[in-house]
Amino acid sequence: MIAIRSAQASDLAAISALDRRLTGSDKPQYWQDMLGPDRHFLVAETETGTLAGFIAGEIRAWEFGQPAAGWVFAIQIEPALRLQGVGTRLFEALVARFKEKGVSRVRTLVERRDHLILSFFRAQGMVAGPSLQLDKDLS
Amino acid sequence: MRLQTGTRLGLYAVLELARDPQRTLSAADLAERFGVSSHHLAKVLRTLAGAGLVRGDRGASGGYRFTGNRRRTTLMDIVALFEPVPGRRAKEAGADTDIGQALQSVLLEIDEIAEATLRSISIETLLKGCLQHA
């Protein structure tokens, strides 16, 4: 049985370790900042208390001219526990928090070659949003 | 985005059969549903069978049924059976010129977005969406 709850400072080491293992980059300060009061940071925990996954987001209003929407910044699931609905439970819990705060849209940005995560968000009913992301190499 | 007729028929056939993997439909049944010739559809079904997405049984009760994995097969997997994979098309005249290269990078950007979209939608996700629209 998986339980969803708010992330705490005591979860940060396991969150950082899971993220580092999956992305290859170490960013403990970023995860520390996700515990901030305006952020929504949730973890999924197994019956034995180990980390099954996490999701982080925030409500942002009027950035890029857009009315308030919930943004999903990150989601990671322990590979051994995938395909059991953990990601869906985390996503739904985050969306429920966004709705409680009165927003009616959820958004995210995904690297277009990351087909796994793109498929996950598609399966949650997400489709291409109204904005196009533009980018320039400054080196 | 416009897909070749064979590609569209391939998508229709796989999606219709994947709605109920226990069900068997003949090429004629499917052709009638989509309003196309069963000759054209038979060729498409052979390609799909070769890829392991459907299986055709001979005999009086013969027909096709879905044998793929609804959660693992994406729309791109089906499209790629009938269309050249974006970015791997044969070079066209003028492609080596500076204008040709600049134009190629624009077309590649469009192809990459189209590919990402098709690759992100599994048969399971699309069928779930079509139930919601029903």
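Bear in mind these aren't lab numbers, they're just calculated from the coordinates by the rules spelled out. Keep in mind the model is a prediction, meaning the values are calculated, not measured. Cβ placement follows ideal geometry from the backbone for every residue including glycine, while neighbour counts extend to all protein chains displayed.
Find how much the distance from residue A:112 to residue A:39 grows on full extension, using 0.36 nm per residue of separation minus their present alpha carbon separation; answer in nm with one decimal. Walk me through the numbers before you get to the answer.
Working: separation 73, 0.36 × 73 = 26.28 nm, distance 2.51 nm.
Stretched fully, the residue A:112-residue A:39 segment lengthens by 23.8 nm.
For the protein assembly as shown, max minus min Cα coordinate along each principal axis, in Å, sorted largest first?
Principal extents (largest minus smallest coordinate, Cα): 65, 55, 35 Å.
How high is the FRET efficiency between residue A:12 and residue A:134 when r is their beta carbon distance and R₀ equals 30 Å, given to the nearest 0.05?
Values: r = 33 Å, r/R0 = 1.11.
After rounding to 0.05, the efficiency reads 0.35.
So if we plug the beta-carbon distance of residue B:28 and residue B:2 into 1/(1 + (r/R0)^6) with R0 = 25 Å, what FRET efficiency do we get, rounded to 0.05?
On the way: r = 27 Å, r/R0 = 1.08.
Result of the calculation: an efficiency of 0.40.
Near residue A:99, which aspartates and glutamates are there with a Cα under 14 Å away, not counting those fewer than 8 places off in the same chain?
A:58
Between the alpha-carbon centers of segment A:60-122 and segment A:22-53, tell me the distance in whole angstrom.
14
Could you give log10 I(q)/I(0) at q = 0.10, 0.11, 0.19 Å⁻¹ for chain B, computed by the Debye formula over C-alpha point scatterers of equal weight, without solvent?
Each listed q maps to, in turn, -0.39, -0.46, -1.07.
Sequence-distant or interchain residues sharing an amide H contact under 5 Å with residue A:53, placed H: which?
A:44, A:78
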